[in-house]
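Engineer: My structure is below; once you've seen it, I'll send some questions.
The values are calculated or read from the model by the stated rules, or taken from the named source; none is laboratory data. Because the structure is a prediction, the values reported are computed rather than measured. Reconstructed Cβ throughout: ideal geometry from the backbone, glycine too, with neighbour counts over all protein chains shown. Ligands, DNA and RNA are stripped out before the accessible areas are found, and what is left, the full protein with its side chains, is counted by its heavy atoms. Shrake-Rupley method; radii C 1.70, N 1.55, O 1.52, S 1.80 Å.
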Amino acid sequence: METRTTMYPQEGQLLVSISDMSMLKDIKKAISMLKGVTKVKTQKAKPRLYDPETGEYLNDETMKVIEDAQKGIGVTHYNSVDEMFRSILGEEEFKKIRSSNV
């Protein structure tokens, strides 16, 4: 039995930023009229945090970490420093360190 491979054309994406939201409808319509455009989707840009030390806005990965932290995702809470070290080191190692520093 012969195997056939069908190649589908790859789709690309174009991201267009618009400063004047009143023109969004007209720009969307104009882009959709171009040959080869299969879909035009709009979304509002998320607000970005600015880092004055670098003079740049934070990237997607950093923004996600900050958003997750604000939601409490990936954040661990300890009631004391001892509880934190017990969790990190384990009870036996914690006891050794604790007894040597007393």
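Engineer: Among all residue pairs at least 6 apart or on different chains, which show Cβ distances below 9 Å where the first residue, located in region 58-70, is part of a helix (DSSP H, G or I) and the second is modelled with pLDDT of 90 or more?
Structural biologist: GLU67/ILE73
Engineer: Now, a different point. Filter region 17-26 down to residues that are polar (S, T, N, Q) and either open to solvent by 100 Å² or more (accessible area, probe 1.4 Å) or assigned to a loop (DSSP other than H, G, I, E, B) (or both) and give me whichever is farthest from GLU67 (Cα to Cα). First the steps, then the outcome.
Structural biologist: As a first pass, look at region 17-26 and keep what is polar (S, T, N, Q): 17, 19, 22.
Checking the rest, the ones that are also either open to solvent by 100 Å² or more (accessible area, probe 1.4 Å) or assigned to a loop (DSSP other than H, G, I, E, B) (or both) come to 17, 19.
On the way: SER17: 23, SER19: 25 Å.
It comes out as SER19.
Engineer: Name, by its number, the condition in (1) open to solvent by less than 100 Å² (accessible area, probe 1.4 Å); (2) modelled with pLDDT under 90 that does not hold for GLN13.
Structural biologist: Checking GLN13 against (1) open to solvent by less than 100 Å² (accessible area, probe 1.4 Å); (2) modelled with pLDDT under 90, the one that fails is (1).
Engineer: Step by step: first the residues of region 50-84, then only those that are under 23 Å from the mean Cα position of the chain (by Cα), open to solvent by less than 100 Å² (accessible area, probe 1.4 Å) and of a type in the set (S, T, N, Q), then the one that is nearest to GLY12 (Cα to Cα). Which residue is that?
Structural biologist: Top of the filtered list is ASN59.
Engineer: Go through region 27-49 and count every residue that is at pLDDT 85 or above and loosely packed, with under 10 Cβ neighbours inside 10 Å. Reasoning before the result, please.
Structural biologist: Residues of region 27-49 that are at pLDDT 85 or above, as a first pass: 27-42, 49.
Narrowing further to those that are loosely packed, with under 10 Cβ neighbours inside 10 Å: 33-36, 38-39, 41, 49.
Final tally of qualifying residues: 8.
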